[in-house]
Amino acid sequence: MMKAALAAAFLPAFVQAGERYAVIAAGSAGFYNYRHQADACHAYHVMLDSGIKAENIILMMQDDVANSPDNPFKGKLYNQPGNASKDVYEGCKIDYRGKVVTGQLFTDVITGNKAGAGGRVLESSSGDTVFINFVDHGGVGIIAFPNGPVYHASELSKALKLMKSKNMYKELVFYMEACESGSMFPDVTADDKILAVTAANAHESSWGFYCGNDAKVHGKNIGSCLGDLFSISWLEDSDFGKFSSETFDTQITRVTKRTNKSHVLQFGDMSIKTQTIGDVMDRVQGEPTPADFPQSNAVDVRDLDLAQAVYAYEHAETDEEKKRALRRVQEIAAARKADEDVFNGIVKAACHDVNMHECKETMIGSTTDLKDMDCHYKLVQTVFDQCPRREEHGAGGWNGYNMKFSQVLANLCESQEKLGKDADTLDKIIRGQCGRASGETAQIIV
Ligand SMILES: *[C@@H]1O[C@H](CO)[C@@H](O)[C@H](O)[C@H]1NC(C)=O
Ligand SMILES: *[C@@H]1O[C@H](CO)[C@@H](O)[C@H](O)[C@H]1NC(C)=O
């Protein structure tokens with residue numbers, strides 16, 4: 001007893017200055033999502049450059065892009081166009097790859113659950129600073145992983161609360177790139193000592209960057225976008241190399257300015273912004289100017305698959321390639337139409353017996369804030385389980401395009417009273433519509 005009390009009294013003298021840790025996750029798979037894994041490997045290098053020890057960084061991604069047969073530079077990944085672009089795959093140490101990369105793994109890693117993760121997990125403690133970076137597709141209240149169910153805002157909230165109760169950080173900075181990512185941190189407060197920065201607000205897409213003609217590296221077009229606008233904005237700003245003098249405040253201000261196609265939002269503890277982005281000496285004098293970064297046109301992530309397929313069609317060199325590219329354009333268009341039909345069907349069924357002005361239009365088109373997490377979580381899982389699967393990897397019934405309809409589920413959940421239908425009834429409607437679409441003979445997988 002006495003000894004313990006003494007030890008406690010002397011403890012502060014022995015406590016080391018906090019260390020820095022990072023967890024990076026890319027949530028997609030497939031060559032057409034090249035940009036997410038390029039962003040993630042680039043982030044890995046930025047973390048190292050900023051002074052974080054390699055043993056304190058954990059990276060998870062499908063890792064199916066660098067060595068994809070579609071990659072014109074086998075075994076390499078580029079996150080920036082041009083002849084000076086560096087291969088970010090080189091030295092990018094991936095801890096978890098392939099099938100194991102799921103939302104559950106992400107939770108296990110950030111909450112330090114070694115038994116669950118089956119590998120390296122975050123082992124930070126109360127004096128440490130933790131940086132988390134997630135890059136992928138998302139929708140209202142959801143983000144995707146390359147395997148397994150989508151990850152719900154309520155799951156993320158629980159994981160962050162668990163990290164806090166386990167004293168896993170002094171300060172936590174979370175940069176998230178995804179459509180509607182502004183909906184993922186609804187209950188983070190300043191008391192949580194978390195600063196979350198999102199690529200978009202709760203009701204808009206995020207944007208791909210270095211696409212089409214701009215995806216050219218060392219004289220060759222990669223055939224997929226190289227990056228995402230929010231991600232390359234903070235990564236290239238970090239690359240400038242002012243780690244020990246640039247604050248998060250400065251970086252976020254610059255990133256917000258450059259990410260001008262969506263609204264970068266901040267949540268939680270703004271006092272963290274006075275910290276510097278790294279703890280190694282500055283590499284340069286002066287400040288970056290727009291001329292330090294390649295120019296390009298951003299492309300709405302929701303339209304990216306189609307835009308990339310059309311680009312491939314326009315630039316196909318042989319008849320065979322042209323035919324294949326055209327087929328892909330048609331398949332993507334058909335899959336979108338089919339997804340739209342499913343969600344229109346859900347709304348029609350939810351509204352059919354309701355006396356409400358423009359019920360269907362309201363359920364499809366409004367942008368209600370998500371509050372009823374339990375209802376939304378339930379409906380999101382049902383779409384995952386029951387709706388037609390459109391992508392080889394994709395998250396069950398969800399895909400990069402139809403995640404925009406997660407907003408529709410939020411609209412339904414927030415209108416239970418007006419519709420006279422509770423979550424269970426809405427769930428049955430979705431099961432019916434998705435089940436019917438899944439049963440149709442011509443399943444469309446792109
Ligand atoms: C970039 O490299 C390619 C191939 O190595 C070359 O053909 C091209 O002229 C270079 N472009 C510039 C602007 O130097
Ligand atoms: C966004 O920034 C880019 C590059 O600075 C600029 O070319 C473009 O016009 C801006 N777009 C909008 C909508 O402000």
Scoring only Lys, Arg, Asp and Glu (+1, +1, -1, -1) among other residues with Cβ under 13 Å from the Cβ of Asn147 yields -2
Pairs of alpha carbons in the range 89-227 whose separation is greater than 25 Å (percent):
34
Tell me, in nm to one decimal, what length is gained between Thr289 and Asp353 on full extension, where the rule is 0.36 nm per residue of separation less the Cα-Cα distance?
17.2 nm
Can you give the local net charge around Glu90? Use residues other than it whose beta-carbon is closer than 13 angstrom to its beta-carbon, Lys and Arg +1, Asp and Glu -1.
+3
Cα extents of the range 17-128 per principal axis, largest first, Å, are 44, 30, 15
In the chain, which cysteines lack any other cysteine Cβ under 4.7 Å from their own?
Cys179
May I ask you to give the solvent-accessible area per residue for the range 257-382, in square angstrom, as obtained with a 1.4 angstrom probe?
60
Ignoring ligands and nucleic acids, what accessible area does Lys158 show with a 1.4 Å probe (Å², nearest 10)?
150
Share of carbon and sulfur in the accessible heavy-atom surface of the range 77-126 [1.4 Å probe, %]:
49
Just from the alpha-carbon atoms, what are the Rg and Dmax of the range 288-417 in angstroms?
18.8, 59
What order do Glu236, Glu317 take when sorted by accessible area (1.4 Å probe), most exposed first?
Glu317, Glu236
For Ala22, list long-range residues whose amide hydrogen, built 1.01 Å from N in the peptide plane, is under 5 Å from its own amide hydrogen.
Ile57, Ile58, Phe131
What is the range 252-370's relative contact order, in percent, from Cα pairs under 8 angstrom and six or more apart in sequence?
13
Which listed residue (Ala202, Gly400, Leu156) has the Cα farthest towards the positive end of the charge dipole for the chain, taking +1 on Lys and Arg C-beta and -1 on Asp and Glu C-beta about the Cα centre?
Leu156
Please build a GNM for the chain, connecting alpha carbons under 10 Å apart, and tell me which residue among Ala22, Ala325, Ala43 fluctuates the most.
Ala325
Any idea how far the Cα center of the range 306-348 sits from the one of the range 220-296, in Å?
34
Return a whole-number percent for the relative contact order of the chain, with Cα pairs under 8 Å and 6 or more residues apart as the contact set.
15
May I ask which of Lys261/Lys421; Lys86/Lys323; Lys337/Lys428; Lys371/Lys421; Lys242/Lys273 have a Cα-Cα span longer than 25 Å here?
Lys261/Lys421; Lys86/Lys323
So what is the diffusion coefficient of the range 152-274 in µm² per second by Stokes-Einstein at 20 °C and 1.002 mPa s, using a Kirkwood Rh over Cα pairs?
137
With θ set to phi - 60° and the Karplus curve 6.51 cos²θ - 1.76 cosθ + 1.60, what are the ³J(HN,Hα) couplings of the range 326-339 in order, to the nearest whole Hz, using x for Gly and Pro?
5, 4, 5, 4, 5, 5, 5, 4, 5, 5, 5, 4, 5, 5
Rounded to whole Å², per residue accessible area for the range 53-149 with a 1.4 Å probe reads 38
From the Cα centre of the range 129-202 to that of the range 382-407, the distance in Å is 21
Give the value in nm², to one decimal: projected area of the alpha carbon convex hull of the range 259-359, averaged over all directions.
13.9
Greater than 29 Å apart at Cα, pairs in Lys114/Lys161; Lys53/Lys170; Lys257/Lys348
Lys257/Lys348
For the chain, with a Gaussian network of springs between Cα atoms less than 10 Å apart, report the residue from Tyr96, Tyr313, Tyr78 with the top mean-square fluctuation.
Tyr313
Value of [θ]222 nm, deg cm²/dmol, for the chain, DSSP H segments ≥ 4, -39500 (n - 2.57) each, nearest 500
-12000 deg cm²/dmol
Treating only the Cβ atoms of Lys and Arg (+1) and Asp and Glu (-1) as charged, compute the dipole magnitude of the chain about its Cα centre; round to the nearest 20 debye.
600
State the percentage of accessible surface on the range 190-290 attributable to carbon and sulfur atoms; use a 1.4 Å probe and exclude ligands, DNA and RNA.
52
What relative contact order, as a whole-number percentage, does the range 26-110 give when Cα pairs under 8 Å and 6 or more residues apart are counted?
32
Please grab the % of Cα pairs in the range 341-434 that end up more than 18 Å from each other.
37
Determine which aspartates and glutamates satisfy two conditions relative to Lys220: a Cα distance under 18 Å, and not lying fewer than 8 residues away in the same chain.
Asp70, Asp87, Glu314, Glu317, Glu321
Descending packing, highest mean Cβ count within 10 Å first, for 303-310, 201-208 is 201-208, 303-310
Could you go through the range 363-370 in sequence order and give the Karplus-derived ³J(HN,Hα) for each residue, using 6.51 cos²θ - 1.76 cosθ + 1.60 with θ = phi - 60°, rounded to whole Hz, and x for Gly and Pro?
5, 7, x, 7, 10, 5, 6, 7
Of Val88, Ala144, Thr102, which is farthest on the positive side of the dipole of the chain, counting Cα position, with +1 on Lys and Arg Cβ, -1 on Asp and Glu Cβ, and the Cα centre as origin?
Thr102
For the chain, modelled as a Gaussian network with Cα springs under 10 Å, which listed residue fluctuates most, Ser244, Ser183, Ser224?
Ser244
Shape category assigned to the range 217-297 from the gyration tensor of Cα positions, a/c cut at 1.5:
oblate
Can you check how the C-alpha radius of gyration of the chain compares to 2.2 N^0.38 Å, as a plain ratio?
1.01
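The values are calculated or read from the model by the stated rules, or taken from the named source; none is laboratory data. Nothing here was measured: the structure is a model prediction, and the numbers come from that model. As a convention, Cβ positions derive from the backbone with ideal geometry for all residues, glycine included, and neighbour counts pool all protein chains shown. Please note that ligands, DNA and RNA were not included when accessible areas were found on the heavy atoms of the full protein model with its side chains. Shrake-Rupley method; radii C 1.70, N 1.55, O 1.52, S 1.80 Å.
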